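Have a look at the structure below before the remarks.
The values are calculated or read from the model by the stated rules, or taken from the named source; none is laboratory data. Keep in mind that what you see is a predicted model, and the values were worked out from it rather than measured. Cβ sites come from the backbone with ideal geometry, for glycine too, and all protein chains shown count toward neighbours. Keep in mind that these areas ignore ligands, DNA and RNA; they rest on the heavy atoms of the full protein, side chains included. Shrake-Rupley method; radii C 1.70, N 1.55, O 1.52, S 1.80 Å.
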Amino acid sequence: MEHPTHDFFFSIFAFLLGAAVGSFLNVCIYRWPVDLSINRPRRSFCPACKQPIPWYQNLPLVSWLVLGGRCANCDTRISFRYFAVELVTALFFLAIWQRFPWPVAIAYWIFVSFLIIGTFIDFEHLIIPDRVTIGGMIAGVACSVIVPALMETDSRVAAGIRAGLAAALGYVILWIVLEAGKIAFGRKRVQFDSPTAFTWTKRGDDADFVVGTEESLWSEYFARENDRLLLQCDEVTIDRHEYGSVTLAFRYDRVDVDGRVLMLDDVTHISGITRQLVIPREAMGRGDLKFLAAIGAFLGWRAVLFSLFAGSLLGSIIGLITLVVGKPVWSAKLPFGPYLAFGAVVWMFFGEVVLHWYGTLLGR
Ligand SMILES: [Zn+2]
């Protein structure tokens, strides 16, 4: 290397910049899902006591360690996530800086920032806000026009078109998977080992649905008007009317009991014993389609295919591990965004290796 000292200082700078950006990403992760503005209030505040945090207690990485992960004012634990996001961002900024020429590196800094926000919000809320996905698409096309090397071309026009097409591919291909998945795995059958008590209790516009020890909200099960939830019961009581062994066929707003339709608006309480439950299952949220589109806009069409493949593979492996290790929770929904982000990061760093290996495999 010609200027080892310069290299060293630039690397330190990349790491510190990453930590500072990570601190900002934490703000986005906390505020975007609840739709608070980034700038008001201007300074960060403690999520528990709402006390504004002075700048010297808000230094990336350092403050969390010095304060032992607690708020200096009210001593409430501050989530490890804040530290983790800063550290992960810092390490990505450093690794990207060392691996890519600087114009590409800066574009990838922007890209991983979107990936990190999307991943952490999806883990916590099971959604990826449009600001992340649509914002990422726009940023990806813009970066490709400014740095055409992202799309492996010298022409800004060609780069913009390729980025746009890759984004469209990401959206469409995952849409097809989603629609096909609905046909193949559109429903999930839950068979209970022993007869299990359940209750359905009206609460405002929604209802609490409790089966055995699992509690959930009624609205979580229905994405479309014609989604059906089936509950096979040994006995059931609907607002003091007792029924024997029946299958309740629910829509979001009504229940069919042996051909008799009751509107749920008029029902306040249902309880009984069930053996089997069939729930409509939305395999993925719409946010995932746009998230994969954003990945395409930054990394190109091959990355779309790879991220989908690698993400599904990792998702299946982790799904199997949780099946074996954990207590099965049938009502649990799984985020898909983090797996797509994983595939995108692997492609960003090792895409050429993957392509080369694949080429060898084909004998070229
Ligand atoms: Zn506090």
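Which residue is most open to solvent (accessible area, probe 1.4 Å), if the candidates are limited to region 251-273 and must be within 16 Å of Asp208 (Cβ to Cβ) and in contact (Cβ under 8 Å) with a residue 24 or more places away in the chain?
Tyr252
Just one of (1) within 19 Å of Glu124 (Cα to Cα); (2) modelled with pLDDT under 85; (3) open to solvent by less than 50 Å² (accessible area, probe 1.4 Å) trips up Ile29, so point out which.
Ile29 satisfies every listed condition except (2).
Those residues that are in contact (Cβ under 8 Å) with a residue 24 or more places away in the chain and open to solvent by less than 50 Å² (accessible area, probe 1.4 Å), I need them from region 67-81; list them, please.
Scanning region 67-81 gives Cys71, Cys74, Ile78, Arg81.
With the structure loaded, tell me whether Trp109 is within 14 Å of the ligand (Cβ to nearest atom) and of a type in the set (Phe, Trp, Tyr) or whether it fails that test.
Details: within 14 Å of the ligand (Cβ to nearest atom): no; of a type in the set (Phe, Trp, Tyr): yes.
When the stated conditions are applied, Trp109 does not pass them.
Where residues in region 57-66 are under 19 Å from Val21 (Cβ atoms), open to solvent by 50 Å² or more (accessible area, probe 1.4 Å) and modelled with pLDDT of 85 or more, which of them is nearest to the ligand (Cβ to nearest atom)?
Residue satisfying both the conditions and the ranking: Trp64.
Does Ile127 meet the test of being farther than 20 Å from Leu299 by Cβ, more than 16 Å from the ligand (Cβ to nearest atom), part of a helix (DSSP H, G or I) and modelled with pLDDT under 95?
Numbers: farther than 20 Å from Leu299 by Cβ: yes; more than 16 Å from the ligand (Cβ to nearest atom): yes; part of a helix (DSSP H, G or I): no; modelled with pLDDT under 95: yes.
Considered against the rule, which asks whether it is farther than 20 Å from Leu299 by Cβ, more than 16 Å from the ligand (Cβ to nearest atom), part of a helix (DSSP H, G or I) and modelled with pLDDT under 95, Ile127 comes out as no.
With the checklist (1) surrounded by fewer than 13 Cβ atoms within 10 Å (Cβ to Cβ); (2) farther than 21 Å from Leu25 by Cβ; (3) more than 12 Å from the ligand (Cβ to nearest atom) in hand, flag the one item Cys49 doesn't pass.
Among (1) surrounded by fewer than 13 Cβ atoms within 10 Å (Cβ to Cβ); (2) farther than 21 Å from Leu25 by Cβ; (3) more than 12 Å from the ligand (Cβ to nearest atom), Cys49 violates only (3).
Yes or no: Ala180 loosely packed, with under 12 Cβ neighbours inside 10 Å and either within 30 Å of Leu299 (Cα to Cα) or at pLDDT below 85 (or both)?
Numbers: loosely packed, with under 12 Cβ neighbours inside 10 Å: no; either within 30 Å of Leu299 (Cα to Cα) or at pLDDT below 85 (or both): yes.
So Ala180 does not fit the description; no.
Within region 198-249, work out how many residues are open to solvent by 70 Å² or more (accessible area, probe 1.4 Å), part of a strand (DSSP E or B) and touching a Phe, Trp or Tyr at 6+ places or on another chain (Cβ under 8 Å).
2
Could you give me the residue pairs with C-beta distances under 7 Å whose first residue belongs to region 129-156 and is on the phi > 0 side of the Ramachandran plot, whose second residue is of a type outside the set (Gly, Ala, Ser) wherever it lies, and which are 6+ apart or on separate chains?
none
Output the residues belonging to region 82-119 that are closer than 18 Å to Leu61 by Cβ and of a type in the set (S, T, N, Q).
Those that are closer than 18 Å to Leu61 by Cβ and of a type in the set (S, T, N, Q): Thr89, Ser113.
For region 82-117, how many residues meet the condition of being β-branched (Val, Ile, Thr), over 21 Å from the mean Cα position of the chain (by Cα) and open to solvent by less than 10 Å² (accessible area, probe 1.4 Å)?
Kept after step one, since they are β-branched (Val, Ile, Thr), are these residues of region 82-117: 85, 88-89, 96, 104, 106, 110, 112, 116-117.
Add one more test, that the residue is over 21 Å from the mean Cα position of the chain (by Cα), and what stays is 96, 104, 106.
From what is left, the residues that are open to solvent by less than 10 Å² (accessible area, probe 1.4 Å) are 96.
Within region 82-117, residues that are β-branched (Val, Ile, Thr), over 21 Å from the mean Cα position of the chain (by Cα) and open to solvent by less than 10 Å² (accessible area, probe 1.4 Å) number 1.
Any idea which of (1) open to solvent by less than 40 Å² (accessible area, probe 1.4 Å); (2) farther than 17 Å from Lys290 by Cα; (3) touching a Leu at 6+ places or on another chain (Cβ under 7 Å); (4) modelled with pLDDT under 85 is the one Met348 doesn't satisfy?
It is condition (4) that Met348 fails.
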